[in-house]
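Taking it in order: structure first as structure tokens, then the write-up.
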Amino acid sequence: MVNSAQDYQIIPKPVSLETADGKFVVNSKTAVTAPEVLENEGQLLAEMISLASGVDVPFEINGSGNIHLNLDDSIENEEGYTLSVSYDQIVVSGKTPKGVFYGIMTLRQLQSGATETEPTTASEVTIPAVTIKDHPRYQYRGMHLDVARHFFPMDFIKRYIDLIALHKMNTFHWHLTEDQGWRIEIKKYPRLTEIGAYRNGTIVGHHPGSENDQKRYGGFYTQEEIKEIVAYASERHVTVIPEIELPGHSSAAIAAYPVLSCFPDEPTVVTHDMISDKSKAIQAAGTPKIVQETWGVFPDVYCAGKEDTFAFLQDVLDEVIPLFPSDYIHIGGDECPKANWERCPNCQKRIKDEGLHDAHELQSYFITRIEKYLNAKGKNIIGWDEILEGGLAPNATVMSWRGTEGGIEAAKQHHDVIMTPNHSCYFDHYQSEDHANEPLAIGGNTTVAEVYAYEPTPDDLNEEERNYILGAQANLWTEYIKTTDYAEYMILPRMTALAEVVWSPKEQKDWDDFYTRLQHFTHIYDAMGLNYAKHSIEDK
Ligand code: ACM
Ligand code: ZN
């Protein structure tokens, strides 16, 4: 059997791929075997082929099956793998189980007629003969999801993780706290979810909005649910990094515990008077702080002067740390207005006592103090690029979102960097010029081609500085993304383009070639029942 290029359409494109003639045919004799250490991967592969083929493919530890999974120390990259397919056997080898897992993700794309939800009965499943050697370009390949502006259910979080894994990405950045909702159970502070997880309304339409919808909205994940997600992700070799925002974007926590504000008695201001009737009544009855109901950046932030603030945050982090095995905790750090700190006696006293020059240095004090706490517990911090202002905390990793400048500056200061520039990596942007025919988005315009064209390592860095660029990530902020269907539409196919940016060798970047493979990749979207932006993939 002679294979054609059609048979080898893999995203992200592997480092090296040699085609050969012949095909492996899945039939009743097909079986998967692996050493015990690869039991998770072996089971997953057997299930994957069974679903695609309708043949019940067994898995056996140290068995005699014709599909072998192995660990191979001679593979250099921790995430690297080799895959060899011939007419009578398949071998997947990785330096680590993670590498083997990525080999399986490649196999998934090589299966003919592969679907996940509907077993193929019309024709047998075949896999074309091939030798692949592959490893990622960047060690950090992430997707972020804001579950605070809108809340997403457990099954969607798992689907999101499935997508991350399918694309050989390895990190899920879970944005769990915001002005509009606190989404993680903290046992010591039950009001965070009793009060902070719900808002009394949401603006209608694009900010500033035409009205308030007057509907109570919210939700949160229990610690048991968080554990379930972390375990699910771990089986798919995805690390979950929680984000606990500080010192800004903290209105929901302040609504729950007003003492955290510089001014506990001052009412929360909902801009343009888009406040719900319920919240208005609550404020009139003497409860000034509410969970935010509109979008934007708000002046009521954690007080940097009170010890109560740090005691609270340390307690919260004490509950967060054991839930997430990740080396990193994201502490936010973006968009923290300093107006309250400027007029707060406690904050001003802190500035004086610590010999700080201004409120920017107070933010740096805040972040550095939290970093020190987390470092002592074995965790490193990631913060948005505003953490550069007033001086970087000594061990912080910077997530560059306001373009690439923050990332470049951080790398020059020899700090690790994750690139997530808004121009190329903000998937809450529109994805075509035809905004009238797109669902409401925050603004901007980032096409799948623009995502593909993005180069995470800036030219202005020298060779040594380039090593600090760990990788890139796309962010999905959800002010306007209310449903899971819409979330899928915004990430697909842009995520598929980013996956290749962060995995495949730069020299192999080729838009036309990618676009051809993308047409084929839609089979997987369809099989998974995903909603994607079809106009971004139409045959040119
Ligand atoms: C951000 O988009 N405020 C990080
Ligand atoms: Zn203060």
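Structure notes:
- Residues that are loosely packed, with under 13 Cβ neighbours inside 10 Å and acidic (Asp, Glu) were ranked within segment 57-94; the one that is farthest from LYS133 (Cα to Cα) is ASP88.
- Index of the failed condition, TRP295 passing every other in (1) farther than 18 Å from GLY248 by Cβ; (2) under 28 Å from the mean Cα position of the chain (by Cα); (3) open to solvent by less than 60 Å² (accessible area, probe 1.4 Å): (1)
- Condition check for THR368: surrounded by 22 or more Cβ atoms within 10 Å (Cβ to Cβ) and away from ligand 2 (no atom under 16 Å from the Cβ): no
- The requirement of being at pLDDT below 95, under 22 Å from LEU107 (Cα atoms), open to solvent by 30 Å² or more (accessible area, probe 1.4 Å) and not charged (D, E, K, R) is not satisfied by HIS535.
- Contact annotation: residue pairs with Cβ atoms under 6 Å, 6 or more positions apart or on different chains, pairing a residue in segment 418-433 that is within 19 Å of LYS534 (Cα to Cα) and open to solvent by 10 Å² or more (accessible area, probe 1.4 Å) with a partner that is hydroxyl-bearing (Ser, Thr, Tyr) and more than 10 Å from ligand 1 (Cβ to nearest atom), are HIS429/THR446.
- Within segment 95-106, restricting attention to residues that are free of Cβ contacts under 8 Å to residues at least 40 places away in the same chain and either assigned to a strand (DSSP E or B) or not β-branched (Val, Ile, Thr) (or both), the residue that is surrounded by the fewest Cβ atoms within 10 Å (Cβ to Cβ) is LYS95.
- Subset of segment 487-526 that is among the aromatic types (Phe, Trp, Tyr) and farther than 15 Å from TYR426 by Cα - its residue that is surrounded by the fewest Cβ atoms within 10 Å (Cβ to Cβ): TRP511
- A Cβ distance below 7 Å, combined with a sequence gap of six or more or placement on separate chains, defines the contacts here; from segment 201-215, residues that are without any contact (Cβ under 8 Å) to a residue 24 or more places away in the chain reach residues that are among the small types (Gly, Ala, Ser) and open to solvent by 50 Å² or more (accessible area, probe 1.4 Å) in the pairs VAL204/SER210.
- Qualifying residue in segment 394-409 (condition: open to solvent by less than 50 Å² (accessible area, probe 1.4 Å) and touching a Lys or Arg at 6+ places or on another chain (Cβ under 8 Å)): no
- Filtered residue count, segment 271-299, keeping only those that are in contact with a Gly (Cβ under 9 Å, 6 or more places away or on another chain) and either aliphatic (A, V, I, L, M) or not in a loop (DSSP other than H, G, I, E, B) (or both): 9
- Members of segment 262-290 that are charged (D, E, K, R) and either surrounded by 14 or more Cβ atoms within 10 Å (Cβ to Cβ) or in contact with a helix residue (DSSP H, G or I) (Cβ under 6 Å, 6 or more places away or on another chain) (or both): GLU266, LYS278, LYS280, LYS289
- Looking only at segment 304-350, and only at residues there that are farther than 22 Å from TRP182 by Cα and small (Gly, Ala, Ser), the one that is nearest to ligand 2 (Cβ to nearest atom): GLY305
The values are calculated or read from the model by the stated rules, or taken from the named source; none is laboratory data. All of these numbers come straight from a predicted model, not from anything done at the bench. For neighbour counting, all protein chains shown are included, and Cβ atoms are generated from backbone atoms with ideal geometry for every residue, glycine included. With ligands, DNA and RNA removed, areas are computed over all heavy atoms of the protein, side chains included. Shrake-Rupley method; radii C 1.70, N 1.55, O 1.52, S 1.80 Å.
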